[in-house]
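What follows is a single structure, written as structure tokens, with notes after it.
The values are calculated or read from the model by the stated rules, or taken from the named source; none is laboratory data. What you are looking at is a predicted structure, and each value in this text was computed from that prediction instead of being measured. Note that each Cβ is placed from the backbone with ideal geometry, even for glycine, and that neighbours are counted across all protein chains shown. To get the accessible areas, we keep the full protein, side chains included, count just its heavy atoms, and leave off ligands, DNA and RNA. Shrake-Rupley method; radii C 1.70, N 1.55, O 1.52, S 1.80 Å.
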Amino acid sequence: YQRRVHGALLGEQPLPATMKVFVCLLSALALCQAAYDYKTVLSNSLLFYEAQRSGKLPSDQKVTWRKDSALNDKGQKGEDLTGGYYDAGDFVKFGFPMAYTVTVLAWGVIDYESAYSAAGALDSGRKALKYGTDYFLKAHTAANEFYGQVGQGDVDHAYWGRPEDMTMSRPAYKIDTSKPGSDLAAETAAALAATAIAYKSADATYSNNLITHAKQLFDFANNYRGKYSDSITDAKNFYASGDYKDELVWAAAWLYRATNDNTYLTKAESLYNEFGLGNFNGAFNWDNKVSGVQVLLAKLTSKQVYKDKVQSYVDYLISSQKKTPKGLVYIDQWGTLRHAANSALIALQAADLGINAATYRAYAKKQIDYALGDGGRSYVIGFGTNPPVRPHHRSSSCPDAPAVCDWNTYNSAGPNAHVLTGALVGGPDSNDSYTDARSDYISNEVATDYNAGFQSAVAGLLKAGV
């Protein structure tokens, strides 16, 4: 019996189903399969990013119902600003959440590379990063100049149709020395630095170019301080920034990790103390990176002061943060699953630091598995039981041309014409209630930042084998 079990665990021979069930029940050995196929979830999430691509699509595009779009996106002096990612169910390119998305995706590719490899998704993961950073390189038109938005929010949102059929004006907005944006420039620096690490072995020349731009953007962010949404005022109604302090520290820490230049670690710790980030409440999202900063500094320095802050936050999430009746951590009504997934990523990173590893990984698994079906249904499009079919998402709702796509399509009761495979919807309310309605953009919109923490957490669970 013991030989049979040992052989099965080593993959040498299959175990009869009855014996397998017995072993699972008695000892919860690694033989017991995870309830959800994380490899598929990880690969599918990358398909969602393909569906969000703007510009000229590459020849290896897998999401073939998407076509080339926004090919005339230009800067104020005619600079080429094609490419990058559409933000959510709309077609604005909001630079701040886009940069956060790339940073967090890169974090997962770096720290959980073996999971990406196991899923056969490492190449696609790197390409997802590069599609963002290629755009950021275009948008960085001078050392102290960066285009942080293309498209006007309200005008864009008044249109329901395919991105390739857009006819509205798409103005481009930038930050510079007279209109600074430390948060935007620093988050973009972090994205470039993190992606540089992911590309170091794959394309050293590209990696070095990313670091050059990341350094310039960090200096711009640090030397000319201000909130980007005070300079790019159209972003205020959609992604208003609360502060830029966390992004400056975040960027310096990522630059240190990418370069091993102690100047950046010294700067990160100095700014952390100057800004009093140790007194900030824990959080991790597109606007607040304080817990990510503390995890990264703990990893880079092994200092207990940072570990203690991370542990305090995750312990609070587990013991005191509001939960739905079915156990979803409830941080905010807008994109509940996004916040839960972000918290899961922080918990997994803390576990990797050796902090309450089993407990924290169990918490992360509970949050991610809720989204995959433990909450009573799947909240990931195209995956699992009863997944959403009517996401608030323009391009997937539109039938193939030349069929008409307009607000009548939005108001139709049928499912979206195309399956937006891999996208995580906003999620349920505080009572686990959810309606799959295209009109409900709070619970049923999708967004690039929603999938970023989710995808990286899934990769973390896959690597941990839980």
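Modelled spin-label separation between ALA362 and THR64, with each label point placed 7 Å from Cα along the Cα-to-Cβ direction: 4.7 nm.
In the neighborhood of GLU79, defined by Cβ-to-Cβ distances under 10 Å, what is the net charge if each Lys or Arg adds +1 and each Asp or Glu adds -1?
Values: positive: LYS74, LYS77, LYS138, LYS174; negative: ASP73, ASP80, GLU145.
So the surrounding residues net to +1.
Count charges around TYR206 for me, please; just the other residues with Cβ under 15 Å from its Cβ, Lys/Arg as +1, Asp/Glu as -1. Write down the numbers at each step before the final one.
Values: positive: ARG126, LYS127, LYS130, LYS138, LYS200; negative: ASP123, ASP134, ASP203.
Charge balance in the 15 Å sphere: +2.
With a simple spin-label model that places each label point 7 Å from the Cα along the Cα-to-Cβ direction, the separation between SER270 and THR167 comes to 5.6 nm. Going by a ≥ b ≥ c, the root eigenvalues of the Cα gyration tensor, does the range 166-297 fall in the rounded group (a/c under 1.5), the prolate group (a/b larger than b/c) or the oblate group? It comes out oblate by the Cα gyration axes. Once backbone amide H atoms are built at 1.01 Å from N, GLU445 has HIS392, GLY426 as its partners under 5 Å, excluding neighbours fewer than 5 places away on the same chain.
For LYS74, the residues 5 or more places off, or on other chains, whose built amide H falls under 5 Å of its own are LEU81. Solvent-accessible surface (1.4 Å probe) assigned to GLU79 amounts to roughly 40 Å².
The Cα-based radius of gyration of the chain, divided by its Kirkwood radius, gives an Rg/Rh of 0.97. Quick one: dipole size for the range 214-366, taken about the Cα centre, charges +1 on Lys/Arg Cβ and -1 on Asp/Glu Cβ, in debye to the nearest 20. Taking the Cα centre of the range 214-366 as origin, the dipole is about 580 debye.
Which whole-angstrom value gives the distance between the alpha carbon centres of the range 169-184 and the range 288-303? Their Cα centres are 28 Å away from one another. Between the range 64-124 and the range 306-334, what's the alpha-carbon centroid distance in Å? For the range 64-124 versus the range 306-334, the Cα centre distance is 29 Å. Annotation: amide H of TYR330 within the under-5 Å range of LYS322, LYS323, THR324, sequence separation 5 or more or interchain, hydrogens built in the peptide plane. Placing a label point 7 Å from the Cα of ASN237 along the Cα-to-Cβ direction, the residues of the range 142-176 whose backbone N falls under 12 Å of that point are 152-159. Near GLY226: Cβ cut-off under 10 Å, other residues only, Lys/Arg at +1 and Asp/Glu at -1. The net charge is +1. The order of THR336, THR409 by accessible area, most exposed first and with a 1.4 Å probe, is THR409, THR336.
Hey, any idea what the orientation-averaged projected area of the convex hull of the range 293-427's Cα atoms comes to, in nm²? Each step should come with its number before you reach the end.
On the way: hull surface 40.2 nm².
Its Cα hull, projected and averaged over all orientations, spans 10.0 nm².
Using a cutoff of 8 angstrom between alpha carbon atoms and counting only pairs six or more residues apart, the relative contact order for the range 34-464 works out to 19 percent. Solvent-accessible area assigned to carbon and sulfur over the chain amounts to 49 percent, based on a 1.4 Å probe. Between the C-alpha center of the range 431-466 and that of the range 340-390 there is a gap of 9 Å.
Could you give the accessible area per residue of the range 34-464, probe 1.4 Å, as a whole number in Å²?
For the range 34-464, the per-residue accessible area is 35 Å².
Helix by helix, which DSSP H runs in the chain go 27 Å or more along their axis at the Cα atoms and have an average Kyte-Doolittle hydropathy of -0.5 or more? Once both thresholds are applied, what remains is 204-223.
If you place +1 on the Cβ of every Lys and Arg, -1 on the Cβ of every Asp and Glu, and leave all else neutral, what size is the dipole of the range 63-147 about its Cα centre, to the nearest 20 Debye? Can you show the working numbers first?
Numbers: 9 positive and 11 negative charges, 34 e Å.
Value, rounded to 20: 160 debye.
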